[in-house]
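Since every read-out is calculated from the coordinates, none of them should be taken as a lab result. Small disclaimer: the values here were computed from a predicted structure and weren't measured. Cβ sites come from the backbone with ideal geometry, for glycine too, and all protein chains shown count toward neighbours.
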Amino acid sequence: MTMTKFEHGGQLEKVAKQYNIPAHAWLDLSTGISPFSYPIPNIPIQFWQQLPIAQDGLIAAAKQYYQANFCLPCSGSQQIIELIPSLWLNQMRSLSHDISASDLTVYLPSVGYKEHQGAWQLAGFQLKFYDQNLPNELMPNSVVVVINPNNPSGQLRKANDLTQLQANVNQQQGLLIVDEAFMDVIQPSESIVSQLTENTLVLRSFGKFFGLAGIRIGFICTSEKWHNLINQVTGPWRVNGPALYIAEQALKDKLWHQTQISKLTQQQQALSQLLTEFGFGRQISCPLFIRVETSQAKHLYHALCRLAVYVRLTDEQDALRFGIPNHEQLAQLKKALVQLSKDKSLGDLA
Ligand SMILES: Cc1ncc(COP(=O)(O)O)c(C=O)c1O
């Protein structure tokens, strides 16, 4: 069996071909990656030459930034998403030899980054989906995946609800995975990292907030047990040297974090205002994107594409997700929305 290929934002070349508009002419707001990137420092030659080992300085910076006791760099949180099902199955098998993945239940958000679903499905686990409310009655040894804040729904769970869920999962001797890919702009108190128990894993994406998704680095915050296990199975050269170097500088740069948060917040508010002006009333804001719910989502997606504006149409086709634009991109979007509002066939945009 192979992993299902899910739709994601960031497929500009493909979309540009579909609409026969050259890629350079597009406004791409299809991802939740910050348009403001951490400036790439001069990378000392040894980070290119030598085999990459995460130095103490990076680990200390990551622990401080994420407020974690144990923190491991990985090649983007996606690497860990793909790895966890086999680790959990092995762990269960060490307790009971004849257990198989289909005996174990995984609770997933019905709306959310689909790669979680793909990884558990591929490994043969039984999937159950939850909506607004976190799952309550859990099967023994089950796994619960929470994306907080959720992409693309934008829903932010209260820290208190998550610690309750954590206690419930622990009671069932299960595993809790909290994907905090979009947490950086939100108050640190909303993160569950500082309250982890043994079987809770928190995934932190580096690429989104720091605007450097291409360097492929992320972090996993865990208990000592999971830290050692993941460290063992992922081998010595998980992340390339230049990415390790850049991440260390970026995680330590508190002044840049502050500036980045205020720039993103400002641009997010400006985007929200612009969308409201053009009649997109039902918005859910997450610091790195805005979700706009509209019965016309599919129609609007195509209309925007025809104007060379690429946003993300949700898998459910009930909403559009706009990434945060910089100043020029916001002006470009405004022009397109003026054009769009002249299209009478679209009627009411909400
Ligand atoms: C919710 C969520 N988690 C994890 C990821 C994976 O990101 P990365 O591997 O760059 O850390 C994404 C990517 O879009 C995401 O949206």
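Step by step: find N for the range 46-252, compute 2.2 N^0.38 Å, then divide the Cα radius of gyration by it. What's the final number?
Here the Cα radius of gyration is 0.99 times the empirical estimate.
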Quiz item: Picking from LEU104, LEU95, LEU162, which is most flexible by a Gaussian network model of the chain using Cα springs under 10 Å?
Solution: LEU95
Quiz item: Under a plain spin-label model, where a point goes 7 Å from the Cα along Cα-to-Cβ, how far apart in nm are LEU255 and ALA167?
Solution: 4.4
Quiz item: What order, most packed first, do the peptides 199-209, 167-177 have when packing is the mean number of other Cβ atoms within 10 Å of each residue?
Solution: 199-209, 167-177
Exercise. With runs of 4+ DSSP H residues as the only contributors, calculate the mean residue ellipticity of the chain at 222 nm using -39,500 (n - 2.57) per run, divided by the residue total and rounded to the nearest 500.
Key: -12000 deg cm²/dmol
Quiz item: So which lysines can LYS252 reach, going by Cα to Cα under 30 Å and dropping same-chain residues fewer than 8 places off?
Solution: LYS63, LYS158, LYS208, LYS225, LYS263
Quiz item: Nearest 10 degrees, 0 to 90: what angle lies between the long axis of helix 56-66 and the longest principal axis of the chain (Cα atoms)?
Solution: 60
Self-check item: For the range 162-168, Karplus couplings with θ = phi - 60° (6.51, -1.76, 1.60), whole Hz, Gly/Pro x
Solution: 6, 5, 5, 4, 4, 5, 5
Self-check item: Virtual spin-label span in nm between GLN232 and LYS335, 7 Å along Cα→Cβ
Solution: 5.8
Self-check item: Where labels lie 7 Å past Cα in the beta-carbon direction, separation of THR265 and GLN49 in nm
Solution: 4.4
Quiz item: What translational diffusion coefficient, in µm²/s and rounded to a whole number, does the Stokes-Einstein relation yield for the chain at 20 °C and a viscosity of 1.002 mPa s, taking the hydrodynamic radius as the Kirkwood radius over Cα pairs?
Solution: 100
Practice problem: Convert each backbone phi in the range 40-54 into a coupling constant with the Karplus relation 6.51 cos²θ - 1.76 cosθ + 1.60 (shift: θ = phi - 60°), then list the ³J(HN,Hα) values in order as whole Hz, x for Gly and Pro. | Solution: 5, x, 5, 9, x, 4, 5, 6, 8, 7, 8, 5, x, 10, 5
Quiz item: What is the gain in length, in nm to one decimal, between ASP98 and PHE278 on full extension, counting 0.36 nm per residue of separation less the C-alpha to C-alpha distance?
Solution: 58.9 nm
Quiz item: What angle, in degrees between 0 and 90 and rounded to the nearest 10, separates the Cα long axis of helix 327-341 from the longest principal axis of the Cα atoms of the chain?
Solution: 60
Quiz item: What ranking do PHE36, PHE280, PHE6 get, fewest neighbouring Cβ atoms within 10 angstrom at the top?
Solution: PHE6, PHE36, PHE280
